[in-house]
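Laboratory data are not the source of any read-out in this text; all were calculated from the coordinates shown. Note that the structure is predicted; figures quoted are calculated from it, not measured. For neighbour counting, all protein chains shown are included, and Cβ atoms are generated from backbone atoms with ideal geometry for every residue, glycine included.
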Amino acid sequence: MPTLIAWGTGDIFFRLRYAHWLRDTIPGVTDVVTIDGGRLFFPDERADDLVPHLRAHWAADAAGYPSARPAAN
């Protein structure tokens, strides 16, 4: 399954190297995007920085993977 890893670079506990480890460990990772200065709760605090990456990922996924599309009636 296509997977996007979004990672905040400002968290002192979860360093960027873990994002790269996940990329190399999880089959199907399509990209690692970083949110400069983002910390653990950046998806809630900085949604405007995250949403464009999610939309691009979902659009690419829907275009390339028929199983991700809604079933036709």
Original post:
How much length is gained if the chain between L22 and D48 is pulled fully straight, taking 0.36 nm per residue apart and subtracting their Cα-Cα distance, in nm to one decimal?
Top reply: 7.0 nm
**OP:** Rounded to the nearest 500, what is the 222 nm mean residue ellipticity of the chain from helices alone, with -39500 (n - 2.57) per DSSP H run of 4+ residues and division by all residues?
**Re:** -13000 deg cm²/dmol
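Net charge near T34: determine it from the other residues with C-beta under 13 Å of the C-beta of T34, scoring Lys and Arg +1 and Asp and Glu -1.
Taking every other residue near T34 into account, the sum is +1.
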Subject >> Rg(Cα)/(2.2 N^0.38 Å) for the chain, N = residue count >> reply: 1.23
Original post:
Which chymotrypsin sites (Phe, Trp or Tyr not before Pro) does segment 1-62 hold that lie in a coil by DSSP with at most 11 other beta carbons within 10 Å?
Top reply: F13, F41
